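Inspection log for the structure reproduced underneath, given as structure tokens.
The values are calculated or read from the model by the stated rules, or taken from the named source; none is laboratory data. The structure presented is a predicted model; accordingly, all values stated were derived computationally and were not measured. With ideal geometry, Cβ positions are generated from the backbone for all residues, glycine too; neighbour counts draw on all protein chains shown. Surface areas here come from the heavy atoms of the whole protein model, side chains and all, with no ligands, DNA or RNA. Shrake-Rupley method; radii C 1.70, N 1.55, O 1.52, S 1.80 Å.
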Amino acid sequence: MENRILVAVFSASGVTKRVGEAIARTCGGDFYEIVPKEIYTSADLDWMNKRSRSSIEMNDPSARPEMAGSAPDMAAYDTVIIGFPIWWGVAPRIIDTFLESCDFSGKKIIPFCTSGGSGVGRSDTALHKDVSGDVKWAKGR
Ligand SMILES: Cc1cc2nc3c(=O)[nH]c(=O)nc-3n(C[C@H](O)[C@H](O)[C@H](O)COP(=O)(O)O)c2cc1C
């Protein structure tokens, strides 16, 4: 059976994007970058500042930063590999935006992350709530 793969990543400073592109090349999948409508500036990413955009978003589990453009057509894929940088131990909120905006029924989702040192922790299972229907979640790496 054919296994059509999409590698979808959000990457604020390029690290996760490079890994995602390498995964897509290796597994022969398509690559899709989740681009925020409003790009994160370095001030937005300042985790030392409690009032930076990333701090405010990560303190609010209901924050859903908008994506630029429309989500890819999931009907074309069987497996979606989703990549993100760890922000405060979990995935950035725009990953919730992405997952909630697509129909993953019947698909397998494989999360991966990059980080400054943290492991995947609960960043993978914390995303399960965003997706309904019959979806097979792999353990995050
Ligand atoms: C707002 C923010 C929060 C972060 N929180 C963590 C963290 O909790 N643990 C960790 O190991 N790295 C943390 N990092 C570091 C990133 O996960 C790491 O640099 C990642 O590889 C960046 O990926 P990117 O270039 O694709 O954005 C954080 C970075 C930012 C900007």
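For the stretch 19-92, the alpha-carbon radius of gyration amounts to 1.29 times the rule-of-thumb value 2.2 N^0.38 Å expected for a compact globular protein. Overall, the stretch 29-96 carries a charge dipole of about 360 debye about its Cα centre when +1 sits on the Cβ of Lys and Arg and -1 on the Cβ of Asp and Glu, all other atoms neutral.
About its Cα centre, the dipole of the chain is roughly 440 debye, where the only charges are +1 on Lys and Arg Cβ and -1 on Asp and Glu Cβ. Longest exposed-loop-site-free stretch of the chain, with GluC sites (Glu not before Pro), DSSP loop and at most 14 other Cβ within 10 Å? In short, 67-141.
Exposure check, 1.4 Å probe, all protein chains in place: Cys27 carries approximately 50 Å² of accessible surface.
Helix 15-27 and the long axis of the chain differ in direction by around 10°, with both axes built from C-alpha atoms. Equivalent ellipsoid of the stretch 1-61: semi-axes from √(5λ) of the C-alpha gyration tensor, largest first, are 30, 12, 9 Å.
Sorting Thr79, Thr41 by accessible area puts them as Thr41, Thr79; the probe is 1.4 Å, largest comes first, and only protein heavy atoms count. Within the stretch 1-60, the trypsin sites (Lys or Arg not before Pro) that combine a DSSP coil assignment with at most 15 other C-beta atoms in a 10 angstrom radius are Arg4, Lys37, Lys50, Arg51. The slack between Asp46 and Arg18, meaning 0.36 nm per residue of separation minus the straight C-alpha distance, is 7.9 nm. When the alpha carbon gyration tensor of the chain is reduced to an equivalent ellipsoid, its three semi-axes come out at 24, 15, 14 angstrom, largest first.
In this structure, the amide hydrogen of Ile81, modeled 1.01 Å from its nitrogen in the peptide plane, lies closer than 5 angstrom to those of Leu6, Val7, Ala8, Ile110, counting only residues at least 5 positions away or on a different chain.
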